[in-house]
Amino acid sequence: MKKILLVCCFLLCACSTSYSYVEESPFTISNWQLAVENRNAERYELAYQYYSNALSSARTQPVILRLKSEMEALERTIQAMR
């Protein structure tokens, strides 16, 4: 009886500790890298396009927020250049 109870507890614990991992799209990562490279090379308009492409395929909220933040900073830079 103890063994059955122990097995049931183990199975319930195993079910409750399942983790989900959402991998970011390779399209997002490659466009983000291109955006950073172009931003560092002072090609701001092209960098903005790559950020936009990365944002359109982003899957996770932290990445979406980070991309939006970087795009806003880039918009301010572009406005200051005009």
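The values are calculated or read from the model by the stated rules, or taken from the named source; none is laboratory data. If you're wondering where the values come from, they're calculated on a predicted model, not measured in any experiment. Methodologically, a virtual Cβ is constructed for each residue, glycine included, from the backbone with ideal geometry; neighbour enumeration extends over all protein chains shown. Just the protein is used for accessible areas: all its heavy atoms, side chains included, with ligands, DNA and RNA removed. Shrake-Rupley method; radii C 1.70, N 1.55, O 1.52, S 1.80 Å.
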**Residues located in the range 56-69, provided they are within 12 Å of ASN31 (Cβ to Cβ) and part of a helix (DSSP H, G or I)** = SER56, SER57, VAL63, LEU67
**Message:** Quick check on my filter: what residues within the range 58-76 are among the hydroxyl-bearing types (Ser, Thr, Tyr) and either modelled with pLDDT of 95 or more or open to solvent by 60 Å² or more (accessible area, probe 1.4 Å) (or both)?
**Reply:** SER69
**Message:** Residue under question is LEU55, and the condition is that it be surrounded by 17 or more Cβ atoms within 10 Å (Cβ to Cβ), modelled with pLDDT of 95 or more and aliphatic (A, V, I, L, M); does it hold?
**Reply:** yes
**Request:** Confirm whether GLU45 is touching a helix residue (DSSP H, G or I) at 6+ places or on another chain (Cβ under 8 Å) and modelled with pLDDT under 95.
**Result:** no
